[in-house]
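Chemist: Please read through the structure below; I'll follow up with questions.
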Amino acid sequence: MADAHPLTDMPQPARTIRNRHRRPVIGITGPDKRVAWGWWFGAMAVRMAGGTPVRLTPGRSARMGRLDGVIIGGGDDIDPKLYAGDDPGTGHYDPARDRFEMAVIEAALREGLPMLGICRGAQLINVVHGGDLIGDLRPVRKHTGNRRLILPRKTLHIQRGSRLAKLTGRQQTRINSLHHQAVRRLGRGLKVSGRDLDGIVQAIERPGRGFLLGTQWHPEYIPQRGVQRRLFQALVREAARRRV
């Protein structure tokens with residue numbers, strides 16, 4: 001299947017979107033594979049926050065003008081060629097998805113759409129802004145383990161005065177960890193808003209007008225924690241405000 005472009009029409013769901021125009025429409029990017037847990041949990045989080053989720057993949061794309069906000073989802077590692085990084089030989093790459101999501105991010109930035117990046121999504125947002133990544137975190141970790149955990153077992157220290165601090169109302173919280181890569185050099189215009197006990201970047205954001213937040217953890221997998229639901233509520237709220 002040829003790579004889809006984020007500015008092309010999406011087939012059937014477009015009519016459904018127009019029928020639900022009172023709820024902000026949030027596009028959630030991901031891979032083309034059928035079993036996509038990130039999509040299902042992300043869609044549930046968006047619905048709980050009052051939005052209408054739409055799945056976006058290289059094979060399913062929507063006109064950006066129909067979206068009110070975007071979530072760049074988690075998944076496979078980003079091709080290190082995109083940020084002049086070394087290949088640690090520990091990941092699986094999806095070049096079609098890389099190209100597709102980079103186009104979505106760039107279009108969302110042009111259109112001023114509120115955007116949340118999750119895990120891989122946060123990393124790709126950083127790469128699009130000119131930053132790079134740590135290819136393998138194993139040598140870096142001293143106080144945190146390399147075991148991947150879907151439950152919130154790691155500590156996040158939140159930067160005082162950041163958007164993330166204002167959204168969560170906290171300076172520290174517990175997060176999960178499903179990654180082996182992370183942001184190293186920040187992209188232009190971005191700032192770090194959270195780190196773990198090893199000082200590894202766990203959250204990035206863009207100060208100023210608009211809403212752009214990236215989390216290295218997966219808030220969609222721990223909806224039982226209100227502090228995580230607030231991230232999706234903030235995204236949907238900003239999407240609704242932009243529409244008005």
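Chemist: Could you list the GluC sites (Glu not before Pro) in segment 145-244 that lie in coil according to DSSP, counting only those with at most 14 other Cβ atoms within 10 Å of their Cβ? Walk me through the numbers on the way to the answer.
Modeler: Details: sites: Glu205, Glu220, Glu238; in loops: none.
When the GluC sites (Glu not before Pro) of segment 145-244 are filtered for loop state and at most 14 Cβ neighbours within 10 Å, nothing remains.
Chemist: Quick check: pseudo-label points 7 Å beyond the Cα along Cα→Cβ at Lys33 and Gln171, how many nm apart are they?
Modeler: Between Lys33 and Gln171, the label points sit 4.1 nm apart.
Chemist: Where does helix 95-111 land angle-wise versus the long Cα axis of the chain, in degrees 0 to 90, nearest 10?
Modeler: 70 degrees
Chemist: Quick one: if you stick a label point 7 Å off each Cα along the C-beta vector at Arg22 and Met44, how many nm between them?
Modeler: Using points 7 Å along Cα→Cβ, the separation is 2.6 nm.
Chemist: Further question: Determine the per residue accessible area of the chain with all protein chains present and a 1.4 angstrom probe, expressed in square angstrom. Provide the component values of the computation, followed by the final result.
Modeler: Working: 11490 Å² over 244 residues.
Value returned for the chain: 47 Å² of accessible area per residue.
Chemist: A further question on this structure: Rounded, prolate or oblate: which fits segment 119-244 when a ≥ b ≥ c are the square roots of the eigenvalues of the alpha-carbon gyration tensor, with rounded for a/c under 1.5 and prolate only if a/b beats b/c? It would help to have the intermediate numbers written out before the result.
Modeler: On the way: a/c = 1.81, a/b = 1.27, b/c = 1.42.
Taking the square roots of the gyration eigenvalues as a ≥ b ≥ c, segment 119-244 is oblate.
Chemist: Which of the lysines could be linked to Lys191 by a straight reach, that is with a Cα gap under 30 Å, when you skip same-chain ones fewer than 8 residues away?
Modeler: Partners within reach: Lys81, Lys142, Lys154, Lys166.
Chemist: First select every other residue whose beta carbon is under 10 angstrom from the beta carbon of Arg153; then total the charges, Lys and Arg +1, Asp and Glu -1. Spell out each step's value before the answer.
Modeler: Working: positive: Arg147, Lys154, Arg174; negative: none.
Result for the neighbourhood of Arg153: +3.
Chemist: If you don't mind, another one. How far is it, in nm, from the label point at His143 to the one at Val192 when both lie 7 Å from their Cα along the line to the Cβ?
Modeler: 1.2 nm
Chemist: A further question on this structure: So how long is each side of the chain along the principal axes, counting just the alpha-carbon atoms, biggest first, in Å?
Modeler: Projected onto its principal axes, the Cα set of the chain covers 51, 40, 33 Å.
Chemist: For the chain, which whole-number percentage of the solvent-accessible area (1.4 Å probe, protein heavy atoms only) is attributable to carbon and sulfur atoms? Please report the intermediate quantities before stating the final value.
Modeler: Details: 5740 of 11490 Å².
Of all accessible area on the chain, carbon and sulfur atoms account for 50 percent.
The values are calculated or read from the model by the stated rules, or taken from the named source; none is laboratory data. What you are looking at is a predicted structure, and each value in this text was computed from that prediction instead of being measured. As a convention, Cβ positions derive from the backbone with ideal geometry for all residues, glycine included, and neighbour counts pool all protein chains shown. To get the accessible areas, we keep the full protein, side chains included, count just its heavy atoms, and leave off ligands, DNA and RNA. Shrake-Rupley method; radii C 1.70, N 1.55, O 1.52, S 1.80 Å.
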